[in-house]
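Shown next, in structure tokens, is the structure this report addresses.
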């Protein structure tokens, strides 16, 4: 049996409010719902979908720390530790 897998969405897994909209209540949730649906409604001026994360603060430079940040931060409905990880 042949199984085909393909994505209908943007390929992103995590989207948050862009810097200009960060103070707007609910923007992260709005971006996550609207950017990750098909078809996406993800205005670049309002939302940002990070692709990379690096460890900062107490985790910076530790072995496996960047991978930890990628795992913790780039998932749907994740709770990224902002004092330990920076995503872009």
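The values are calculated or read from the model by the stated rules, or taken from the named source; none is laboratory data. Since the structure is predicted, the reported quantities are computational estimates derived from the model, not experimental observations. Please note: Cβ atoms are built from the backbone with ideal geometry, for glycine as well, and neighbour counts cover all protein chains shown.
Quick notes on this one:
- Residues that are in a helix (DSSP H, G or I) and out of contact with any strand residue (DSSP E or B) (no Cβ under 8 Å at 6 or more places or on another chain), drawn from segment 67-81: 67, 71
- Within segment 3-22, considering residues that are touching a helix residue (DSSP H, G or I) at 6+ places or on another chain (Cβ under 9 Å) and modelled with pLDDT under 60, the one farthest from residue 49 (Cα to Cα): 9
- Matching residues in segment 46-66 - criterion: being modelled with pLDDT of 95 or more, assigned to a loop (DSSP other than H, G, I, E, B) and within 12 Å of residue 16 (Cα to Cα): 46
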